[in-house]
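Structure first, then comments.
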Amino acid sequence: MFNLNEYPLPFRETDLVPYMSVETVRTHHDKHLGAYIANLNKLIDGTEYADMDLREIILKSHRDKNATKIFNNAAQIFNHEFFFNCLGRGNTLIPDLISDAFGGTAEFKEKFKSIANDVFGSGWVWVVMRPDKKFEIIATKNADTPITDGLKPVLVLDLWEHAYYLDYQNRRSEFIDNFLEFLIDWKFVLDNLNVE
Ligand code: MN
């Protein structure tokens, strides 16, 4: 069984104002992430998935065409935990490790924005590390997550409407710009890279 208490926000709800409101943070974490957790618990109860950890559930359900709902909810839990960890505690200066990989800070931001603005419908934009240790920017649709392709998540932006609609309505590109400028916790990104 999974529990929302195991996925606390790593920042205060007021820390992201004015780029992300308290209402957005609270609804996104408590209601949306909370619902994915409640749904997953119901779906795996009494199944072979019941005693697996989250990553095992994601990898196994991804290979099972009868387990799409389990995959979607499990992957959304993983994606959201990672997204909230990527968000702001004031460490907004992009590290050389990332900017150099894309030819400079401006080049990185332009590439990220271009891929993010091309996302049609619900999805995620990621910086990932490939098995050859090269960085890449990719988008995934719906609940899809790079870990099923053997890619290590480095940074992620949630582009489901619930991530920004209360604050930005149809101005999604402004949300993307503010994410890159003000909302990323680059210290988490670097610390996470050094974990493994
Ligand atoms: Mn979301």
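The values are calculated or read from the model by the stated rules, or taken from the named source; none is laboratory data. Values in this document were obtained by computation on a predicted structure and should not be read as measured data. Reconstructed Cβ throughout: ideal geometry from the backbone, glycine too, with neighbour counts over all protein chains shown.
Across region 151-167, the number of residues qualifying as among the acidic types (Asp, Glu), under 22 Å from Asn39 (Cβ atoms) and over 11 Å from the mean Cα position of the chain (by Cα) comes to 1. Among residues of region 69-83 that are in contact (Cβ under 8 Å) with a residue 60 or more places away in the chain and of a type in the set (A, V, I, L, M, F, W, C), those with a beta-carbon under 6 Å from a residue that is within 11 Å of the ligand (Cβ to nearest atom) and assigned to a helix (DSSP H, G or I) at least six positions away or on a different chain give the pairs Ile77/Tyr36. Residues in region 17-42 that are closer than 18 Å to Glu174 by Cβ and surrounded by 19 or more Cβ atoms within 10 Å (Cβ to Cβ): Tyr19, Met20, Thr24, Val25, His28. Taking the criterion of being within 16 Å of the ligand (Cβ to nearest atom), in contact with a helix residue (DSSP H, G or I) (Cβ under 9 Å, 6 or more places away or on another chain) and of a type outside the set (Val, Ile, Thr), the residues of region 128-162 that qualify are Ala139, Asn142, Ala143, Asp144, Pro153, Leu155, Leu157, Asp158, Leu159, Trp160, Glu161, His162.
Scanning region 45-78 for residues that are more than 23 Å from Lys141 (Cβ to Cβ) and either among the acidic types (Asp, Glu) or in a helix (DSSP H, G or I) (or both) yields Asp45, Glu48, Asp51, Asp53.
Select from region 62-87 the residues that are touching a Leu at 6+ places or on another chain (Cβ under 9 Å) and away from the ligand (no atom under 16 Å from the Cβ) and write down the one among them that is nearest to Pro153 (Cα to Cα). Applying the filter and picking the extreme gives Ile70.
When Leu43 is tested against the conditions (1) more than 17 Å from Asp149 (Cβ to Cβ); (2) within 13 Å of the ligand (Cβ to nearest atom); (3) among the aliphatic types (A, V, I, L, M); (4) touching a residue at least 24 places away in the same chain (Cβ under 8 Å), the lone failure is (2).
Does Thr148 qualify as being hydroxyl-bearing (Ser, Thr, Tyr), modelled with pLDDT of 95 or more and under 16 Å from the mean Cα position of the chain (by Cα)? Judged against the criteria, Thr148 is a match.
Condition test on Tyr36, is it of a type in the set (Ser, Thr, Tyr) and more than 16 Å from Glu81 (Cα to Cα)? Before you say what the answer is, go through the steps one by one.
Numbers: of a type in the set (Ser, Thr, Tyr): yes; more than 16 Å from Glu81 (Cα to Cα): no.
The answer is no for Tyr36.
Inside region 7-55, residues that are within 20 Å of the chain's Cα centre (by Cα) and among the small types (Gly, Ala, Ser) make up a count of 4.
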